[in-house]
């Protein structure tokens, strides 16, 4: 029986001259890998734009229990992105987040609420005209709620305290292990947690502060998700927003 689902493209990889492999996080089945035929004519190759990172699609396929790679029967845009593919700043954010999500969602089962968060976040970034410099920070911190390690604010009382990255909570003294934020950096975390896409433009982080929070989030995920690697796109993101 043919299955249809909305999906968010995470990555593509050339398999050979005839096929690419596209990793897609679907609304109904979680992460699914598709083997997509590369059109022979240059006119038809425009269809491959549907498999650019963070593109929202609707895809049909025939489920096969033992298959690791599936062949899509049909692919359609699920809303067109009008600025992310053409704005160099947004494109850089999209490439970074797509690589990040590829690993963060590697073992994530289907979750319709999570998918809706991903899709509406991408749509917000595409529609925004300004005030999105902190988008990737807010997006990834809020994503951690779905993955089970959202920071606990219970121990934060406004005074100088540490943030225990391993236990995901604030504490009065430095943990014995080395995975924690010093009070100066820990104090920025509640501010970041209060941000929403609609209001984050009001909050101003310096380049150094944004870099330090990015390092924290990257290390935080690597601590909580086994096999989360160093990301190739991280340095590119730093350079573009330097």
On the principal axes of its Cα set, how long, how wide and how thick is segment 55-175? Give whole Å, largest value first. 56, 41, 20
Mean-square fluctuation maximum in Gaussian network of the chain, Cα pairs under 10 Å, restricted to 212, 169, 159, hits 159
222 nm [θ] for the chain, helices only, -39500 (n - 2.57) per DSSP H run of 4+, per residue, to 500? -10500 deg cm²/dmol
Fewest to most Cβ atoms within 10 Å: 211, 23 sort as 211, 23
Classify segment 156-242 as rounded, prolate or oblate, taking a ≥ b ≥ c as the square roots of the eigenvalues of its Cα gyration tensor: rounded when a/c is under 1.5, otherwise prolate if a/b is larger than b/c and oblate if not. oblate
Among DSSP bridges having both ends in the chain, what percentage is antiparallel? Round to the nearest 5. 95
Looking only at 98, 119, 168, which one moves most when the chain is put into a Gaussian network model with springs between Cα atoms under 10 Å? 168
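Report, to one decimal in Å, the Kirkwood hydrodynamic radius for segment 103-146 based on all distinct Cα pairs.
11.5
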Over segment 120-166, what per residue volume does the convex hull of the Cα atoms give, in whole Å³? 112
Kirkwood radius from Cα pairs of the chain plugged into Stokes-Einstein at 37 °C, 0.692 mPa s, gives D in µm²/s equal to 170
Using the C-alpha gyration tensor of segment 1-132, what are the square roots of 5 times its eigenvalues, in whole angstrom, with the largest one first? 23, 19, 13
Taking the number of other C-beta atoms within 10 Å as the exposure measure, put 93, 57 in order starting with the fewest. 57, 93
Relative contact order, percent, the chain [alpha-carbon distance under 8 Å, six or more residues apart]: 16
Candidates 24, 202, 122, ranked by Gaussian network fluctuation over the chain, Cα under 10 Å, top entry: 202
Quick shape check on segment 48-107: root eigenvalues a ≥ b ≥ c of the Cα gyration tensor, a/c under 1.5 is rounded, otherwise prolate if a/b tops b/c, else oblate, and it reads oblate
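None of the figures in this text is laboratory data; all of them are computed from the coordinates on show. Keep in mind the model is a prediction, meaning the values are calculated, not measured. All Cβ positions, glycine included, derive from the backbone under ideal geometry; neighbour counts span all protein chains shown.
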